[in-house]
Amino acid sequence: MNRRALLRTLALSPLLASAIARAWQSAVAVSFGKLPKADAVRRVLAAGPPSAVLVYVLAPDMLVGWPWALSDEALVMLPQAHRELPQTGRLVGRGGGLGTEALLALQPDLILDAGTVDPTHVSGLERVWQQTGVPCVLVDGRLVDHATQLSEAGQLLGVASRGEMLASEARRILDLAEDVLAKVTIDERPRVYCGRGMDGLETGLERSINMEAVEFAGGRNVAAQAGRGSLTQASMEQLLDWNPEVILSQNAAFTQRVLHDPLWKNISAVRHGRVHLAPSLPFGWLDGPPGVNRLIGVRWLLSILYPGRHPELSEDRTMQAAIEFHRSFYGAIITRSTLERWMGKTA
């Protein structure tokens, strides 16, 4: 199967993608320059938010800066040294703005990008390498590739054992999704709306990177009816027509509004109490950014989309899995009461 056909298959069938991805030899899409030996990598510049999370979970002391502004709530969960890292900005695509002189002043041994493999990102990364001479690597950032991504990035950064440990955890989540969805018919997959922002009227279209976790977990994105692309503005008329069975958001104000605003009361998700707040600390469970942080989001989504369909999807096991994920991936110790607060289940 050639790469174009493979990419098309991955986009159309998450289950088949899960199996195929494990047969791939590499998640590294492209590299520029002579890569340093793993034991020589000390400082890594992340080209964007997904790669920053990837470096942070694998080798936090190598990260030279955050490509975006983390919230105060997120920063307080990080070690002091990582709260004080500079904000570098994205290197490629929207928001890119780190100049050559400022980049070189950070003295990176390697520039790592993780995300969409398209001509814009490839050519952008090549341009950075040509201008700076710093070796650059782009790894495929799709959710289905996260296990391979963790393993191979771990090897690149000289932390192969940690990379494989986290990759094993990722595989368990991907395997669980495959196992659950193998027993679910298309008609049994709930219609899902994912609201963004205070009013919740921004959402992701079909195949939007912002909806990848939801679609991978078997949710049917109601906004797919509005087309394919990235983000769009929805109207209340559209939402009433779409009538989602599940409503998701990472915005607490929006989820509270949905539950109390009479405009939403006739939507199926509201009538049946299936409005859910996804945690976003220190990184989002749905996106924000669309990186390996979404793995625990997939685990959680399976539990709320298909309650009772698998022993691993009980509330107790889901909460414990989230606690263990935060400890192993972020080195953060959280409690069940913290999770319940994040999910809006406690005052």
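The values are calculated or read from the model by the stated rules, or taken from the named source; none is laboratory data. None of the values given here were measured: they were computed from a predicted structure. Every residue, glycine among them, receives a Cβ derived from its backbone with ideal geometry; neighbour counts consider all protein chains shown. Accessible surface is based on the protein model in full, side chains and every heavy atom, while ligands, DNA and RNA are left aside. Shrake-Rupley method; radii C 1.70, N 1.55, O 1.52, S 1.80 Å.
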Yes or no: ALA23 open to solvent by 40 Å² or more (accessible area, probe 1.4 Å) and either of a type in the set (Ser, Thr, Tyr) or modelled with pLDDT under 95 (or both)?
yes
Filter region 119-152 for residues that are assigned to a helix (DSSP H, G or I) and under 19 Å from the mean Cα position of the chain (by Cα) and give the result.
HIS121, LEU143, VAL144, ASP145, HIS146, ALA147, THR148, GLN149, LEU150, SER151, GLU152
Given the conditions (1) in contact with a Pro (Cβ under 8 Å, 6 or more places away or on another chain); (2) open to solvent by 10 Å² or more (accessible area, probe 1.4 Å); (3) of a type outside the set (D, E, K, R); (4) assigned to a helix (DSSP H, G or I), and given that PRO290 satisfies all but one, which numbered condition is not satisfied?
(4)
Would you be able to say whether some residue in region 77-89 is open to solvent by 50 Å² or more (accessible area, probe 1.4 Å) and aliphatic (A, V, I, L, M)?
yes
What residue, among those in region 302-335 that are in contact with a Ser or Thr (Cβ under 6 Å, 6 or more places away or on another chain) and free of Cβ contacts under 8 Å to residues at least 40 places away in the same chain, is surrounded by the fewest Cβ atoms within 10 Å (Cβ to Cβ)?
THR318
Name the pairs: first residue in region 207-233 and closer than 26 Å to ALA170 by Cβ, second residue basic (Lys, Arg) and at pLDDT 95 or above, Cβ to Cβ under 6 Å, at least 6 apart or on different chains?
ALA213/ARG294; GLY218/ARG189; ARG220/ARG189; ARG220/ARG191
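Hand me the list of helices (runs of 4 or more DSSP H) wholly inside region 172-279 holding 1 or more residues that are touching a His at 6+ places or on another chain (Cβ under 8 Å) and open to solvent by less than 60 Å² (accessible area, probe 1.4 Å).
Values: elements: 212-216, 236-242, 252-260, 268-271.
The qualifying helices (runs of 4 or more DSSP H) are 252-260.
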So which residues in region 278-299 are more than 11 Å from VAL57 (Cβ to Cβ) and β-branched (Val, Ile, Thr)?
ILE296, VAL298
